[in-house]
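Working notes for the structure below.
No lab work stands behind these numbers, since they all come straight from the coordinates. Just so we're clear, the structure is a prediction, and the values are computed from it rather than from any experiment. For neighbour counting, all protein chains shown are included, and Cβ atoms are generated from backbone atoms with ideal geometry for every residue, glycine included.
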């Protein structure tokens with residue numbers, strides 16, 4: 001019956017190395033993180049659009065480097081010496097720091113602590129440091145001097161793997177040919193994949209019917225035969 005209430009079920013993203021699909025779009029970034037012991041001055045900036053795999057890569061790196069992960073916006077409230085104590089830290093979504101003086105100062109102090117201790121600092125962001133809107137000149141200069149590795153736009157193989165992973169994270173089984181059908185017709189971005197899977201999941205729950213090509217076509221404004 002349509003119109004039933006849908007309950008939000010917990011989504012458990014799979015963030016281990018075994019769940020990471022390697023393609024030409026992300027192979028260089030993965031190799032850069034694997035070589036973390038050789039990062040210049042112990043720091044690396046990983047950039048890519050939202051949903052491109054930055055969080056997954058950060059978790060892979062944190063597992064192998066025994067690093068702590070922290071959102072950039074939480075830095076101003078963090079115990080920085082304790083955070084740096086293990087010798088490796090990943091700061092996520094650094095573009096959110098711009099204009100927040102306390103958070104910028106916290107990242108600056110964390111950067112210096114990691115440098116003093118010969119630690120490793122990974123910073124993820126949607127774009128390079130010049131685009132973060134940083135107001136603290138000392139932090140800006142240090143971030144712009146950091147090495148940058150990029151996640152490129154997804155190719156067919158990566159987009160297909162991402163759709164499979166997003167469906168799997170939501171514990172959704174879909175028809176075997178649905179994923180290649182979607183890849184050929186959807187907007188070609190990781191964010192579009194995330195939004196499409198979320199929309200299909202929501203409609204399936206609300207209408208109490210399984211996800212199908214017909215449902216996907218309705219969401220994309222197509223017919224199932226297109």
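Here is how the numbers come out for the structure above:
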item: Rounded FRET efficiency, nearest 0.05, which uses the C-beta distance separating residue 50 from residue 79 and R0 of 22 Å; result: 0.20
item: Among 174, 148, 197, residue whose mean-square fluctuation peaks in a GNM of the chain (springs only between Cα atoms under 10 Å); result: 174
item: Cα-based convex hull, the range 90-136, per residue volume (Å³, whole number); result: 67
item: Theoretical FRET efficiency, 1/(1+(r/R0)^6), r = Cβ-Cβ of residue 157 and residue 38, R0 25 Å, to 0.05; result: 0.30
item: Where only alpha carbons of the range 161-226 are counted, the Rg and the Dmax (Å); result: 10.7, 28
item: Pairwise label distance in nanometres, residue 86 with residue 172, each label 7 Å out on the Cα-Cβ vector; result: 3.3
item: Solution diffusion estimate, µm²/s, Stokes-Einstein, the chain, Kirkwood Rh from C-alpha pairs, 4 °C, viscosity 1.567 mPa s; result: 68
item: Calculated FRET efficiency for the pair residue 69/residue 164, C-beta based, R₀ 35 Å, to 0.05; result: 0.90
item: For the range 23-57 versus the range 73-140, the gap between their alpha-carbon centres in whole angstrom; result: 17
item: Label-to-label distance, nm, for residues given as residue 131 and residue 105 (7 Å Cα→Cβ offset); result: 2.9
item: Among 145, 153, 72: highest mean-square fluctuation, GNM of the chain, C-alpha pairs under 10 Å; result: 145
item: Dmax and Rg, reported as Rg then Dmax, of the range 26-150 (C-alpha, Å); result: 12.8, 35
item: Among 55, 168, 124, residue whose mean-square fluctuation peaks in a GNM of the chain (springs only between Cα atoms under 10 Å); result: 168
